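K.L.:
Let me give you the structure first, and then I'll get to my questions.
Please treat every number below as a calculation from the coordinates, not as lab data. Given the structure is predicted, the values throughout are model-derived calculations rather than measurements. Neighbour counts are summed over all protein chains in view; Cβ atoms, including those assigned to glycine, are modelled from backbone coordinates with ideal geometry.
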Amino acid sequence: MRRFGFGLLVALASCGYSFGSGLEQHGVRTVALRVVGNQSFRQRLEVELTAALARELPVSTDLRLASAGRADASLEVTITDAVERTLVPGTRDDPVREGGLLATIRVRLLRADGQVLVDQILRERTEFRDPIGENLAAARDELATELARRIALALQSAP
């Protein structure tokens, strides 16, 4: 069994697969997470996304969080658009039976010397259904979590 595991590892390494983000080759092992900016009218989503990123990055990437003065790179995330959509209207007392929340963000990873390593636009969508107990607050939390995962994936696929 151990031979199989070692053989698989050797095979993956010889086929061009690598583990980690590849950012280490650019001298990036630590990242400063700036507070997420928000250019949309959807207030406080930036707070939820910043918290989700602080939880997700250490778990899903090989990057460690560090202060701005000590980090190899800075992660800039800006919410450029966030829109709530009514999918199924309700009554006067319960105006939205089903809805959706869509967000567009810009992700930039800048090395300490100013070189841009990642510059991507990401979009995510989540839905909520009031009749089964979901609401806009739960949708916002889910959206922030999914965006944080997508950002981590974008960093993992960096050059």
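K.L.:
Ranked from highest to lowest mean number of other Cβ atoms within 10 Å per residue, what is the order of the peptides 59-66, 41-48?
P.N.:
In descending order of packing, they fall as 59-66, 41-48.
K.L.:
How many nm is it between the label spots at GLN156 and ALA66, if each spot is 7 Å from the Cα in line with the beta carbon?
P.N.:
2.3
K.L.:
Sort ASP130, ASP119 so that the residue with the fewest other Cβ atoms within 10 Å of its own Cβ comes first and the one with the most comes last.
P.N.:
So the residues, fewest neighbours to most, are ASP119, ASP130.
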